[in-house]
1. From ALA161, ALA131, ALA115, which residue is assigned to a loop (DSSP other than H, G, I, E, B) and in contact (Cβ under 8 Å) with a residue 12 or more places away in the chain?
2. Which ones in region 68-86 are aromatic (Phe, Trp, Tyr) and either open to solvent by 70 Å² or more (accessible area, probe 1.4 Å) or at pLDDT below 95 (or both)?
3. Among the residues of region 25-42, write down those that are outside any helix (DSSP H, G or I) and either aromatic (Phe, Trp, Tyr) or open to solvent by 10 Å² or more (accessible area, probe 1.4 Å) (or both).
4. Within region 87-109, is there a residue that is part of a loop (DSSP other than H, G, I, E, B), open to solvent by less than 40 Å² (accessible area, probe 1.4 Å) and farther than 26 Å from VAL13 by Cα?
5. Scan region 1-24 for residues that are open to solvent by 10 Å² or more (accessible area, probe 1.4 Å) and aromatic (Phe, Trp, Tyr) and report the count.
6. Report the residue count in region 258-276 for those that are in contact with a helix residue (DSSP H, G or I) (Cβ under 8 Å, 6 or more places away or on another chain) and either closer than 27 Å to TYR169 by Cα or surrounded by fewer than 17 Cβ atoms within 10 Å (Cβ to Cβ) (or both).
7. Any idea which residue in region 195-204 is surrounded by the fewest Cβ atoms within 10 Å (Cβ to Cβ), counting only those that are within 23 Å of the chain's Cα centre (by Cα) and touching a residue at least 40 places away in the same chain (Cβ under 8 Å)?
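The values are calculated or read from the model by the stated rules, or taken from the named source; none is laboratory data. Since we're looking at a predicted model, the values are computed, not measured. Glycine also receives a Cβ, built like all others from the backbone with ideal geometry; neighbour counts cover every protein chain displayed. The protein model used for the area step is the full one, side chains on, heavy atoms only, and it has no ligands, DNA or RNA in it. Shrake-Rupley method; radii C 1.70, N 1.55, O 1.52, S 1.80 Å.
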Amino acid sequence: MDMLIKFFVAAVVAATPILFGTLGEIMNERVGHLNLGVEGMMSMGACAGFMVGYVSDNLFLALVAAFLAGAIGALLYAFLTVTLMANQNVVGLTLTIFGVAIANFVGYYMISRSATKSLKLPEGITASLEAVHIPGLSDIPVIGPLFFQYNVFVYIGVVIAILMALYFYKTKTGLNIRAIGENPGAADAAGIKVTKWKYINIVIGGGITGIGGAFTAMITAGGVWISDCVGGLGWIAVALVIFASWKPINAIWGSLIFGIFRILKYYVPKTVPIPIAIYDMLPFLVTAIVLVANSIRQRKDNAQPASCGVNYFREER
């Protein structure tokens, strides 16, 4: 039982950065924008969150910095694709290249100025990243370790997913957002400010994605700055949006499944004659399978927003 609990807890932690990336991309695609820059925005958030945490020793400031860094990357994407109507795929790929490069550059610069030639988070912020103890709940046998002994990032991710679901499905604004994603021309004719809500959702989605990047730099990497710390999670998040059928709540358990594949190699008995490289490949293999399966499965209730990937030009409606 102890081994199963440890396995589940490790899977949840491994799933958390993917969850943030997925939620951010859902925000983008719900307004009709396929943003392939998730990896870049996560890298920018990782760099900003880590560096601000390293300098300030304050977790709140680090989270704000990560959110703003991801939001700035998303704002650049929104300006190019919404206002200038540039090709979404090209801009997204460029954002990924830019985000990863700028994060590595800043990291290299900071390391070169460090006396130890390495960057490690201060003890104060490291302590604030430990599992949160919730009086009463955390002490419940089995249930406590499974659900109430995680770091603050995990709870923030779950809360964002729930709030996003309420936003999309229980508010008038959410209905308008989904209308924009399906048919921006019709939404515009109905008086919905398409450009305004595209910008808002894209930028907020980028900020959420940036927090996921901060998780990889501050927790996954053990509080030590490592170049390319996001390591392809942004691409998994893009595929997980499809797996989750563009629904925030589905993103929670969907990311958990991918988290299981990420940590499986640490829990399989060493007597099993499977190379470690196979386990490292599993998340990306599952990603490819998800994409293929989605191309075969055509269900209206689980379909991609109809205008996703197509720029809206008001004069053509």
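1. Selected residue: ALA131, the only one of ALA161, ALA131, ALA115 that is assigned to a loop (DSSP other than H, G, I, E, B) and in contact (Cβ under 8 Å) with a residue 12 or more places away in the chain.
2. PHE79, the sole residue that qualifies.
3. ARG30, LEU34, LEU36
4. no
5. Residues meeting the conditions: 2.
6. Adding up the residues that qualify gives 7.
7. Among those that are within 23 Å of the chain's Cα centre (by Cα) and touching a residue at least 40 places away in the same chain (Cβ under 8 Å), it is TYR199.
Results for (1) open to solvent by less than 20 Å² (accessible area, probe 1.4 Å); (2) of a type in the set (S, T, N, Q), shown as yes or no for each residue.
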| residue | (1), (2) |
| --- | --- |
| ALA214 | yes, no |
| ILE219 | no, no |
| GLY234 | yes, no |
| ALA239 | yes, no |
| SER245 | yes, yes |
| ILE252 | no, no |
| ILE278 | no, no |
| ALA293 | no, no |
